[in-house]
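The values are calculated or read from the model by the stated rules, or taken from the named source; none is laboratory data. Worth saying up front: this structure is predicted, and the values here are computed from it rather than measured. For neighbour counting, all protein chains shown are included, and Cβ atoms are generated from backbone atoms with ideal geometry for every residue, glycine included. Side chains are part of the model used for accessible areas, which takes the heavy atoms of the whole protein and leaves out ligands, DNA and RNA. Shrake-Rupley method; radii C 1.70, N 1.55, O 1.52, S 1.80 Å.
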Amino acid sequence: MKSMLKKLLVPASLVALAVSTVLPQVAAAQDVTKWRVQSHWPGASSSYEDSLVRLKNEIERRTEGRLQLQLFESGALFKPQETFNAVSRGIIQMGTISPGYAQDKMTLAGIASGLPFAFKNVWEAAYFHKHMGFEDMLRDEAAQYGVYWSTDKVYPTELVVKNPINSWEDFTKLKIRSSGALQKFLDEAGASTTFLPGSELYPALDTGVVDGAHWGAVQGAASMSLYEVAKYHVRPALNIAGTDVIIINQKALDKLSEQDQQAVKQILDEQFWYRTNEYLYQEQVALRKAIKEQGVQVNTLPEDVEKRLRDVATKTWEEEGQRSDKAAEALKKLKEFLGQLGYL
């Protein structure tokens, strides 16, 4: 009997080893944090896959699955304009927006959305954000609402129209889908504007509710199938700006381990440069394809039309600078930079 008992007894060291191999697995399962993410991009938008899905994959890979993102496309949970408040209040942990959607809270939102006809090249906007402190200013203002702000990328915003703009009269007859500071600018320049969510953009162009729209630049328009109903791509850009932003509830971020917080912040900083450069490349490829396969034509604005738009644009800059002391500081910094480049 005693010999049988000895055979049945398991050494304590083996029991401890067995428990130690099970408990980490249980702890690992309990340590997984899941964030809900409301996007302002429809699933069809190129940035939904290239920016948001990429971000999800990078975060989950580099936190080894400890942080997982559940993605919702535009309108799935609530209107895109409500995303900033939802993230601020912690209803969801993360979202993507255009700065224009947060204009009621962020006095820097108009400048972030892109002052019309300010920058001429993408690198200039990137330099202003990252090397001249504008991104830090945005982050500080968003922090007042419990939000961590990170610009996804900087890129041009360009019009697509159903009929070419060959004169000032052609421009002032346009009905344009717009948003943020650009909508105000286009109104003041003489066009008629309206805001529509991305999901309504194609049918509005198709049925003539609007004559033109901006949704990013070439690849944004292509991903939304806008070239099927609007064959003219207008240049130069209306603006070059950080028109897409990733926002995170600060309390949700603070709940992560220090290691994972740093991983998320580093990934966001890397995303800015990765997506800005990738977007430029994709723009060229997309335009070549649209011209070849869909008969798209580049509509370069006549010089007199561009000049009149630039004159109106500089007036709207002053209005944005009057929104707060911080906005005035940002505008002053921008003007100094543009002056150094010889644009002012």
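Going through Lys307, Lys289, Lys265 one at a time, which residue ends up being in contact with a helix residue (DSSP H, G or I) (Cβ under 8 Å, 6 or more places away or on another chain) and either surrounded by fewer than 16 Cβ atoms within 10 Å (Cβ to Cβ) or assigned to a strand (DSSP E or B) (or both)?
Every option except Lys289 fails the conditions.
Could you tell me which residue of the range 183-218 is most open to solvent (accessible area, probe 1.4 Å), considering only residues that are touching a Gly at 6+ places or on another chain (Cβ under 8 Å) and polar (S, T, N, Q)?
Among those residues, the one meeting the criterion is Ser199.
Can you go through Glu82, Glu141, Glu169 and tell me which one is in contact (Cβ under 8 Å) with a residue 60 or more places away in the chain and of a type in the set (D, E, K, R)?
Matching residue, one of Glu82, Glu141, Glu169: Glu141.
Quick one: which strands (runs of 3 or more DSSP E) lie wholly within the range 149-255 and hold at least 1 residues that are more than 21 Å from Lys307 (Cβ to Cβ) and of a type in the set (D, E, K, R)?
175-177, 239-249
How many of the residues making up the range 118-138 are in contact (Cβ under 8 Å) with a residue 12 or more places away in the chain, over 12 Å from Thr276 (Cβ atoms) and surrounded by fewer than 20 Cβ atoms within 10 Å (Cβ to Cβ)?
Number satisfying all stated conditions: 3.
Give the residues of the range 38-70 that are open to solvent by less than 60 Å² (accessible area, probe 1.4 Å) and among the acidic types (Asp, Glu), sorted by residue number.
Within the range 38-70, Asp50, Glu58, Glu60 meet the criteria.
Would you be able to tell me the number of residues in the range 88-102 that are under 15 Å from the mean Cα position of the chain (by Cα) and not in a strand (DSSP E or B)?
5
(1) out of contact with any strand residue (DSSP E or B) (no Cβ under 7 Å at 6 or more places or on another chain); (2) modelled with pLDDT of 50 or more; (3) part of a helix (DSSP H, G or I): which one isn't true of Ser47, the others all being true?
All conditions pass for Ser47, except number (1).
Please go through the range 73-115 and give me each residue that is open to solvent by 40 Å² or more (accessible area, probe 1.4 Å) and touching a strand residue (DSSP E or B) at 6+ places or on another chain (Cβ under 6 Å), ordered by number.
The answer is Leu77, Gln93.
List, please: which pairs have Cβ atoms under 6 Å, are six or more places apart or on different chains, and start with a residue in the range 32-54 that is more than 20 Å from Gln93 (Cα to Cα) and end with one that is basic (Lys, Arg) and surrounded by 23 or more Cβ atoms within 10 Å (Cβ to Cβ)?
Going by the 6 Å Cβ cut-off, there are no qualifying pairs.
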